[in-house]
1. Can you check what the net charge comes to around residue 202, using other residues whose Cβ is under 11 Å from the Cβ of residue 202 (Lys, Arg +1; Asp, Glu -1)?
2. Put a dot 7 Å past each Cα toward the Cβ at residue 93 and residue 110; how far apart are the dots in nm?
3. From the Cα trace of the stretch 47-132, what convex hull volume per residue do you get, rounded to a whole Å³?
4. Suppose the chain between residue 45 and residue 172 were pulled fully straight at 0.36 nm per residue; how much longer would it get relative to their current alpha carbon spacing?
5. Sorted by average packing, counted as other Cβ atoms within 10 angstrom per residue and highest first, what order do 141-147, 157-163 take?
6. How large is the charge dipole for the stretch 57-178, taken about the Cα centre, if only the Cβ atoms of Lys, Arg (+1) and Asp, Glu (-1) carry charge, to the nearest 20 debye?
7. With +1 on each Lys and Arg Cβ and -1 on each Asp and Glu Cβ, how big is the dipole of the stretch 133-240 about its Cα centre, in debye rounded to the nearest 20?
8. Quick one: net charge of residue 141's neighbours, Cβ under 11 Å, K/R +1, D/E -1?
Amino acid sequence: MLARLARLFGRGRSAQADFTVSSGGPAGDADGGALIRLRGVDRAFGRGVSRNIALQGVDLEIERGEFIGVDGPSGSGKTTLLSILGLLDTPTAGSYLLNGRAVEEMPASQRARTRNREIGFIFQSFNLIGDMTAFENVDLPLSYLGLPGGERRDRVTEALERVGMAAKAGSYPSQLSGGHQQRVAVARAVVGGPQILLADEPTGNLNSDQASVVIQMLAELHEAGSTICLVTHDPRWREVTRRTVHLFDGRVVEPAAGAAEPVS
Ligand code: ADP
Ligand code: MG
């Protein structure tokens, strides 16, 4: 797999520091368990007749360093699943072990810290902050890492250059096209070198050249050790995702007949 990525995209950066979520916690993944382990996860919205079950009985394990794809029809729970994995949302039932720690037992401050330091998001709807420039949006995740100002500026500039947006560093989101906003969002997601990257249809608004840049950046992050969970329908990702989880009506299902897994 790595050889294949290297061939496709060239070599990535060197290995990153170990995942730090378990520091101060119990045995981490000393049981040899997965980095991410969901057991019987439900997520329901609303009550009574308006109750909407977005996820139902989801069991999912993601190993450290895996690059998995998630697909399924609109409304099948993909975004809800990513929100839970990224500690933006909590299950209404079931358990989530992240690096051996029960997320539901973490204090809010630790959840926020883990989210800010270890998890990068690329949202379907960009979620750039409107009154911040492209540069400031990309810089934001670095504010949690305690880096010196000069290094921060260099990292932001490099991330913007890699997505071809350095010339627009001073632009506000409203001055950028959807494709350009998504490229800035990708730079923001990867600038801190997150250990877990969660991406929700990140190439949905991009032309094929722009999409190639995004695919390459994620592949390089993966090669450098990040664990990536990607929602996509773009068949080109099959080159880099080894495994795809299929959702239907909030449940993990077997792939439809004829939709065989790619050979990797
Ligand atoms: P997908 O990303 O696969 O299109 P979502 O995870 O966005 O699916 O949504 C799954 C289901 O949960 C849908 O029926 C959706 O309407 C519902 N849902 C998602 N978020 C909310 C919310 N905040 N409030 C109520 N229902 C929601
Ligand atoms: Mg969605």
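Read the figures in this text as sums done on the coordinates, not as results from a lab. Worth saying up front: this structure is predicted, and the values here are computed from it rather than measured. Every residue, glycine among them, receives a Cβ derived from its backbone with ideal geometry; neighbour counts consider all protein chains shown.
1. Working: positive: 183; negative: 200, 201, 234.
Charge balance in the 11 Å sphere: -2.
2. 2.6 nm
3. Working: hull volume 13.8 nm³, N = 86.
Hull volume over Cα atoms, normalised by residue count, gives 161 Å³.
4. Values: separation 127, 0.36 × 127 = 45.72 nm, distance 3.37 nm.
The span from residue 45 to residue 172 would gain 42.3 nm if fully extended.
5. Values: 141-147: 14.9, 157-163: 19.1.
Most protected by this proxy first, the peptides run 157-163, 141-147.
6. Numbers: 12 positive and 16 negative charges, 56 e Å.
Around 260 debye, computed over the stretch 57-178.
7. Numbers: 9 positive and 13 negative charges, 32 e Å.
Roughly 160 debye, rounded to the nearest 20.
8. On the way: positive: 115, 117, 152, 155, 188; negative: 118, 139.
Here the count lands on +3.
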